[in-house]
Amino acid sequence: MSSFAVGAVWALYDDIDDMPRLYAKIESIHKSPASRLEVTWLESGDEGSVSVACGRFEYGETQTLKGHLAFSHEMQPITQCTDFITLNPMKGETWALFRDWSNNPEQHKPPYKYDFVQVVLGFDDSVGVGVTYLGKVDGFVSVFEHALQRGIISRVIPPEEMRRFSHRVPSVKLTGEEKEGVPAGSFELDTAAIPVEVEEEVNSERQSSVAAVVVPPVRRSRRESIPTRRLLHHIASARAVKH
């Protein structure tokens with residue numbers, strides 16, 4: 001609980017595929033008799049089936065969550081006002097993109113496929129966001145480096161396509177000295193923010209040749225924290241606890 005601070009904005013795992021697409025602002029922290037966090041949910045006003053990860057968010061209802069397992073990572077708002085908060089991909093961050101994104105909700109349904117990118121140009125109202133694609137480094141579970149993906153290395157996501165961003169993926173930039181075979185400048189992505197389907201695909205392709213993570217994970221994996229069930233039930237239960 002020491003990582004949390006009043007006023008901070010955090011990403012939480014959703015109930016679609018357990019990715020950190022929900023946002024909440026910490027209102028108060030209670031450490032005893034049981035750990036509880038009072039939060040205000042941030043709402044985009046979008047009626048789609050998938051939570052919007054970028055743009056302007058208004059304050060929603062306030063609830064109390066038990067424990068901290070639903071929380072992924074802290075976000076850095078672009079603007080934070082009395083009535084709203086703006087969140088957009090920032091230069092240097094790593095994000096997941098919906099690979100087959102469509103602005104038609106009827107054509108954008110799970111199971112989703114993803115690409116991973118590094119943000120090289122922060123959001124600009126007239127341009128959008130510049131990204132460079134990341135590809136998995138052979139022999140590692142969650143180490144990614146700049147790489148061509150379907151013939152593309154870099155692109156600009158225009159403002160009208162910002163919903164293409166699925167969620168931020170916390171990461172650590174590596175020096176290349178962590179372990180043999182680790183490229184300098186590559187990234188180790190937080191496995192808790194990588195969809196299960198992607199991990200299964202990697203495991204089936206690499207099998208026993210895949211090495212463990214080379215540095216401690218950004219945050220403890222929710223799949224380790226809740227070994228018997230995925231977080232979907234945990235979030236549903238937490239949301240039922242009203243302040």
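Since every read-out is calculated from the coordinates, none of them should be taken as a lab result. Just so it is clear, the structure is predicted and the values come from calculations on it, not from any experiment. Neighbour counts are summed over all protein chains in view; Cβ atoms, including those assigned to glycine, are modelled from backbone coordinates with ideal geometry.
Give me Ile16, Ile85 sorted ascending by neighbouring Cβ count inside 10 Å, so fewest comes first.
Ile16, Ile85
For the stretch 153-194, max minus min Cα coordinate along each principal axis, in Å, sorted largest first?
42, 24, 11
Can you work out the FRET efficiency for the pair Thr79 and Ser3, with r the C-beta to C-beta distance and R0 = 25 Å, to the nearest 0.05?
The calculated FRET efficiency here is 0.60.
Name the residues whose placed amide hydrogens come within less than 5 Å of the amide hydrogen of Glu93, ignoring near sequence neighbours (fewer than 5 apart) on the same chain.
Val119
Do any of Lys31/Lys173; Lys109/Lys173; Lys66/Lys109; Lys136/Lys173; Lys25/Lys66; Lys25/Lys113 go past 24 Å between their Cα atoms, and which?
The answer is Lys31/Lys173; Lys109/Lys173; Lys66/Lys109; Lys25/Lys113.
Quick one: which residues, 5 or more positions from Arg21 or on another chain, have an amide H under 5 Å from its amide H? H modelled 1.01 Å from N in the peptide plane, none for Pro or chain starts.
HN-HN under 5 Å from Arg21: Leu12, Asp14.
Let me understand the stretch 1-128 better: what is its radius of gyration from the alpha carbons, and its Dmax, in angstrom?
Considering the stretch 1-128 through its Cα atoms, Rg and Dmax are 15.5, 50 Å.
Sort Phe4, Phe71 so that the residue with the fewest other Cβ atoms within 10 Å of its own Cβ comes first and the one with the most comes last.
Phe4, Phe71
Long-range amide H contacts for Ser166: which residues qualify at under 5 Å (H placed 1.01 Å from N, peptide plane, sequence gap of 5 or more or a different chain)?
For Ser166, whose amide H was placed from the backbone, the distant partners under 5 Å are Ala96, Leu97, Phe98.
Kindly write out, for the stretch 149-165 in residue order, the coupling ³J(HN,Hα) from the Karplus curve 6.51 cos²θ - 1.76 cosθ + 1.60 (θ = phi - 60°), rounded to whole Hz, with x marking Gly and Pro.
3J(HN,Hα) across the stretch 149-165, in whole Hz: 10, 6, x, 10, 10, 9, 7, 10, 8, x, x, 6, 10, 5, 6, 5, 6.
Residue by residue, what Karplus-based ³J(HN,Hα) values in Hz, rounded to whole numbers, does the stretch 178-192 have, using 6.51, -1.76 and 1.60 with θ = phi - 60° and x for Gly and Pro?
5, 6, 4, x, 8, x, 4, x, 7, 10, 9, 8, 5, 5, 6
Is any residue of the stretch 48-70 close enough, with backbone N under 14 Å, to a label point placed 7 angstrom from the Cα of Glu106 along the Cα-Cβ axis, and if so, which?
none
Quick one: Karplus J couplings for the stretch 12-26, per residue in order, coefficients 6.51, -1.76, 1.60, θ = phi - 60°, nearest Hz, x for Gly and Pro?
10, 6, 8, 10, 9, 9, 6, 8, x, 10, 9, 10, 8, 9, 6
Taking R0 as 22 Å, what FRET efficiency do you get between Ile153 and Lys179 from their Cβ-Cβ distance, rounded to the nearest 0.05?
With a Förster radius of 22 Å, E is 0.30.
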